[in-house]
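Working notes, beginning with the structure itself.
The values are calculated or read from the model by the stated rules, or taken from the named source; none is laboratory data. Fair warning: this is a prediction, and the values are worked out from it, not measured in the lab. Because the Cβ atoms are built from the backbone with ideal geometry, glycine has one as well, and the counts that use them run over all protein chains shown. Ligands, DNA and RNA are stripped out before the accessible areas are found, and what is left, the full protein with its side chains, is counted by its heavy atoms. Shrake-Rupley method; radii C 1.70, N 1.55, O 1.52, S 1.80 Å.
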Amino acid sequence: MSPKTLYDKIWDAHVAHEADDGTTLLYIDRHLVHEVTSPQAFEGLRLASRKVHAPDKTIAVPDHNVPTTEGRDVFIENEESRIQVEALDTNAREFGLHYYPVTDIRQGIVHIVGPEQGWTLPGMTVVCGDSHTATHGAFGALAHGIGTSEVEHVLATQTLIQTKSKNMKVEITGKLAPGVTAKDITLAVIGKIGTAGGTGYVIEYCGEAIRDLSMEGRMTVCNMAIEGGARAGLIAPDETTFDYVKGRPHAPKGAQWEAALTWWKTLKSDDDAHWDKVVTLKGEDIAPVVTWGTSPEDVLPITASVPAPEDFTGGKVDAARRSLEYMGLKPGTPLSEVAIDTVFIGSCTNGRIEDLRAAAAILKGRKIKEGIRAMVVPGSGLVRAQAEEEGLADIFTEAGFEWRLAGCSMCLAMNPDQLAPGERCAATSNRNFEGRQGRGGRTHLLSPAMAAAAAVTGHLTDVRELM
Amino acid sequence: MEKFTTITGVAAPMPMINVDTDMIIPKQFLKTIKRTGLGVNLFDEMRYDDDGNEIPDFVLNKPQYRNAEILIAGENFGCGSSREHAPWAIKDFGIRCVIAPSFADIFYNNCFKNGILPIALPQEQVDALMNDAGKGENARITVDLEAQTVTTSDGESFPFEVDAFKKHCLLEGLDDIALTLEKQASIQSYESRIAVERPWV
């Protein structure tokens with residue numbers, strides 16, 4: 001048998017039908033559904049008198065536009081948001097899906113709820129009408145975002161029509177320096193390959209620095225594979241993965257656990273597997289980073305200065321000029337002198353317990369700079385409860401942060417949590433696009449620890465100075 | 001789905017790179033539960049000022065491009081979120097074909113589900129089409145899916161690649177769920193096998 005990558009192995013295990021031209025029906029093990037990209041899909045099913053093929057493999061949770069303030073379980077003020085959340089409620093109940101409404105403590109961002117509840121397991125195929133489905137790749141699951149038509153296709157058939165991507169290996173060798181986190185790894189990779197660098201590929205992240213990461217960190221890395229343009233990001237499952245999965249509500253138990261484990265241990269790329277592209281970064285070369293522009297590839301170490309358009313070539317010259325104008329930044333300004341108004345800690349990229357611990361470690365015994373609006377939005381109700389139990393919530397509120405309920409919140413600002421025009425935000429989320437956090441809002445992407453440091457000083461800050 | 005065979009129409013030039021889905025259709029318009037009506041909000045934040053007035057310099061606000069059916073764009077068009085609202089908005093505006101050096105993966109797939117043809121061409125050819133589109137409404141570009149060619153107003157023709165299955169679905173306007181359901185037996189046999197091999201799934 002020819003050697004295979006992890007992606008090849010998961011792909012092969014899910015081919016339900018292959019046509020002569022290579023067009024494949026790939027079977028989907030888990031389908032996650034949220035309120036924004038699913039209403040039209042359910043409507044399509046109804047119009048065609050179709051059923052959900054596998055309701056048992058379909059998990060629904062509202063997250064994108066739910067408010068993160070108290071009272072949302074009683075009434076959502078924004079009418080359009082309310083209609084979408086109500087539509088999900090109706091669809092989940094009518095089609096018999098697994099469902100976590102806002103009244104359930106397990107509710108949260110779909111990509112945090114899935115792993116937390118043990119829905120996401122190694123070797124699975126996982127899809128959702130959301131590009132950050134890549135997150136689940138941290139378990140060695142083939143996971144990617146789909147559009148609403150494909151949501152409808154999966155609901156109706158539990159399969160997707162797919163053509164295979166190419167294989168790309170991203171290796172992070174050695175150890176990370178203190179103050180450098182999974183977020184810095186994933187941003188550094190995007191900075192190196194560009195936002196289209198992964199187009200047409202599935203990325204497998206490997207190397208010592210990846211192996212050393214917790215599951216939370218690995219989810220952060222895979223989450224942003226999409227910002228590198230890749231179909232999906234993967235990390236081969238190992239003991240760290242198995243320890244995380246074991247005992248979760250929907251993880252296999254007893255004899256099934258043993259059988260699953262036996263298969264999961266085969267889920268790694270063969271030594272002589274073929275890679276269409278290989279990228280290597282040294283862990284020790286990665287610094288705490290921030291973005292300066294309006295593309296996630298606009299990444300620089302916090303010790304650097306704002307670049308000039310002339311530093312680039314091709315279409316990037318005009319893009320950089322436009323970005324700098326939008327961001328209100330002058331070339332040559334040290335990034336550590338850029339003052340901010342808002343700090344957002346949360347999102348499917350960095351809304352897990354480890355992220356909150358990292359931010360709280362910087363905030364302990366400190367206050368945020370006067371005039372800064374800072375909020376923490378835990379990724380799920382369970383993350384929130386755990387953070388309260390560990391005393392993290394007290395650290396955040398004593399420092400001056402708002403302590404919110406779970407949801408996507410200011411990552412995409414579909415709920416009331418938004419930036420005003422010209423406001424500048426240090427955000428642990430994943431996109432710094434124009435208008436992403438509110439029309440005219442300016443976003444700098446960074447790690448939770450870096451976000452906490454910025455909240456304390458009022459400007460982008462090298463977290464290592466506060467450690 | 002609406003068929004796509006051949007179109008001859010005005011092409012709008014938009015040379016920016018990395019046009020993301022937040023630009024194509026900002027999130028405040030994702031709250032709809034319908035697929036239609038988004039054309040008026042296509043490129044909303046570039047197209048209208050804070051008071052909702054049209055920004056005259058924006059390409060689709062210029063008289064010669066208001067009825068554009070083709071968009072010529074920079075590399076990595078459609079990057080960002082999986083929102084199908086992006087192709088819905090493009091289609092609703094009246095654009096049936098987007099030509100760029102490269103596309104983001106999910107956006108590219110979403111186009112085919114909505115009767116829109118995304119065409120990736122080498123940068124030099126996109127540059128030539130961008131120049132042609134810059135001539136305004138008299139420069140009408142022809143896209144022929146059957147022949148897989150794009151032809152400029154001067155008669156210069158470029159061949160393009162497209163997946164055979166996607167081409168077939170677009171030419172015939174096929175509903176791919178119905179096509180997949182024809183393979184129901186394969187899906188059920190896969191499920192029976194996996195129920196034994198990986199019962200925990």
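Hey, can you tell me all the residues within segment A:363-421 that are under 23 Å from A:GLY71 (Cα atoms), open to solvent by 70 Å² or more (accessible area, probe 1.4 Å) and in contact (Cβ under 8 Å) with a residue 60 or more places away in the chain?
A:PRO416
What's the number of the only condition in (1) open to solvent by 20 Å² or more (accessible area, probe 1.4 Å); (2) β-branched (Val, Ile, Thr); (3) within 13 Å of chain A (Cβ to nearest Cβ) that B:THR21 fails to meet?
(1)
Cβ-Cβ below 9 Å, separation at least six or inter-chain, first residue in segment A:131-158 and on the phi > 0 side of the Ramachandran plot, second open to solvent by less than 10 Å² (accessible area, probe 1.4 Å) and assigned to a helix (DSSP H, G or I): which pairs?
What qualifies is A:GLY140/A:LEU6; A:GLY140/A:ILE10; A:GLY140/A:THR241; A:GLY140/A:TRP264; A:GLN158/B:ILE187.
Starting from residues that are crowded, with 24+ Cβ neighbours inside 10 Å and out of contact with any strand residue (DSSP E or B) (no Cβ under 8 Å at 6 or more places or on another chain), keep the ones in segment A:334-361 and report whichever is farthest from A:ALA453 (Cα to Cα).
That would be A:CYS348.
Yes or no: segment B:81-91 includes at least one residue that is away from every other protein chain (no Cβ under 14 Å) and open to solvent by 30 Å² or more (accessible area, probe 1.4 Å).
No: zero hits.
For segment A:10-33, how many residues are at the interface with another protein chain (Cβ under 8 Å from one of its Cβ atoms), over 19 Å from A:ALA260 (Cα atoms) and in contact with an Asp or Glu (Cβ under 9 Å, 6 or more places away or on another chain)?
Residues flagged as at the interface with another protein chain (Cβ under 8 Å from one of its Cβ atoms), over 19 Å from A:ALA260 (Cα atoms) and in contact with an Asp or Glu (Cβ under 9 Å, 6 or more places away or on another chain) within segment A:10-33 amount to 4.
Give A:PRO249, A:PRO237 a once-over and let me know the one that is open to solvent by 10 Å² or more (accessible area, probe 1.4 Å), within 30 Å of B:ASP105 (Cβ to Cβ) and more than 10 Å from chain B (Cβ to nearest Cβ).
Going through A:PRO249, A:PRO237 in turn, just one is open to solvent by 10 Å² or more (accessible area, probe 1.4 Å), within 30 Å of B:ASP105 (Cβ to Cβ) and more than 10 Å from chain B (Cβ to nearest Cβ): A:PRO237.
Among the listed residues B:PHE29, B:PHE77, B:PHE58, B:PHE43, identify the single one that is of a type in the set (A, V, I, L, M, F, W, C) and on the phi > 0 side of the Ramachandran plot.
Sole residue among the options that is of a type in the set (A, V, I, L, M, F, W, C) and on the phi > 0 side of the Ramachandran plot: B:PHE43.
Can you give me the number of residues within segment B:32-54 that are assigned to a loop (DSSP other than H, G, I, E, B) and open to solvent by less than 20 Å² (accessible area, probe 1.4 Å)?
3
Report yes if some residue within segment A:238-254 is under 30 Å from A:VAL299 (Cα atoms), among the β-branched types (Val, Ile, Thr) and modelled with pLDDT of 95 or more; otherwise report no.
There is at least one residue in segment A:238-254 that is under 30 Å from A:VAL299 (Cα atoms), among the β-branched types (Val, Ile, Thr) and modelled with pLDDT of 95 or more.
Please determine, by comparing only the residues of segment A:119-154 that are over 13 Å from the mean Cα position of the chain (by Cα), facing chain B (nearest Cβ under 10 Å) and hydroxyl-bearing (Ser, Thr, Tyr), which one is farthest from A:LYS246 (Cα to Cα).
A:SER149
Would you pick out the residues in segment A:17-47 that are touching a Gly at 6+ places or on another chain (Cβ under 8 Å), under 22 Å from A:HIS250 (Cβ atoms) and either surrounded by fewer than 20 Cβ atoms within 10 Å (Cβ to Cβ) or not aliphatic (A, V, I, L, M) (or both)?
Scanning segment A:17-47 gives A:ARG30, A:HIS34, A:SER38.
Specify the residue that is most open to solvent (accessible area, probe 1.4 Å); the eligible residues are those in segment B:160-199 that are touching a Phe, Trp or Tyr at 6+ places or on another chain (Cβ under 8 Å) and under 29 Å from A:TRP264 (Cβ atoms).
Checked segment B:160-199; the qualifying residue most open to solvent (accessible area, probe 1.4 Å) is B:GLU191.
Could you look through segment A:311-325, keep only residues that are at the interface with chain B (Cβ under 8 Å from one of its Cβ atoms) and at pLDDT 95 or above, and pick out the one that is surrounded by the most Cβ atoms within 10 Å (Cβ to Cβ)?
A:ALA319
Select the helices (runs of 4 or more DSSP H) contained entirely in segment A:326-436, then report the ones holding at least 3 residues which are modelled with pLDDT of 95 or more and under 22 Å from the mean Cα position of the chain (by Cα).
Per the criteria, A:347-350, A:353-363, A:381-389.
When you go through B:ARG96, B:ARG140 one by one, which is the residue that is on the phi < 0 side of the Ramachandran plot, surrounded by 17 or more Cβ atoms within 10 Å (Cβ to Cβ) and more than 17 Å from the chain's Cα centre (by Cα)?
B:ARG140
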